[in-house]
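Only one structure is covered here, and it is reproduced in the block below.
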Amino acid sequence: MNETFFCNKCGAQNSAGAQFCNGCGAPTSPTPAVTPIAVGSSGATPVNFAPSSSGSALPYRALAPLAGVGYGGFWIRVVAAVIDAILLRIVVAPIHLIFGGLGLAGTLSGLPHLPLAVLGGGITIIASVFGSWLYEAFMESSSYQATLGKMIFGMKVTNLNGNRISFERATGRHFAKWLSAMSLCIGYIMVGFTEHKQGLHDLLAGTLVRRS
């Protein structure tokens, strides 16, 4: 007696071994199932699947999360600024001593010392202004990206993309500090309240003070 079976689609009777149904012509052999490939312990990066707009699954490689970026806060920048001011004062001090000594010598010798005192004070102020500007602009636009005070605390001045700034941008940032100071120092206090710890001078110059 020949073995028979019935088609799952149309119900027609077919003899055993038939590859196509006698009634509807549909294939009678089942489609082999696709076995998923298991991810082993070979160290390969696993591939995840995310649904696309068409409903199909698209593979994507998992990415490691990026480390958070730290910024220099208000008080640590104040301490760094005090250190820089002390260093600058040490550099300018010899000029003040020279003209102060000339004024003292003029007084002891009976000569008028006022012109020397005025000249000495003016030169000291000019040296302080230009020295502060050149010091900050050169250091912050250099490969160090920071003044010595900031370097002590691991801070760097960058643009908004985290890159090194130019001498021109560092110059603009330096003189923008005058606005931060003239606004009753509110421009400096903003460092403690803005999201990325930016003072008014940072916002105007488009800079960040990052801390590693």
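Put Val129, Val209, Val82 in order of accessible area, largest first, 1.4 Å probe: what do you get? Each step should come with its number before you reach the end.
Details: Val129 55, Val209 0, Val82 75 Å².
From most exposed to least exposed: Val82, Val129, Val209.
Give me the percent of the accessible area of the stretch 150-212 that comes from carbon and sulfur atoms, probe 1.4 Å, all protein chains in place.
On the way: 2230 of 3540 Å².
Using a 1.4 Å probe with all protein chains present, the stretch 150-212 comes out at 63 percent carbon and sulfur.
Here Lys150 is the anchor, and the aspartates and glutamates within straight C-alpha reach of less than 18 Å, apart from those fewer than 8 places off in the same chain, are Asp84, Glu136, Glu140, Asp202.
Ile95 contributes about 50 Å² of solvent-accessible surface, heavy atoms of the protein only, 1.4 Å probe.
Counting only protein heavy atoms and using a 1.4 Å probe, the accessible area of Ile152 comes to about 110 Å².
The values are calculated or read from the model by the stated rules, or taken from the named source; none is laboratory data. What you see is a predicted model, and the numbers here were worked out from it, not measured in a lab. The protein model used for the area step is the full one, side chains on, heavy atoms only, and it has no ligands, DNA or RNA in it. Shrake-Rupley method; radii C 1.70, N 1.55, O 1.52, S 1.80 Å.
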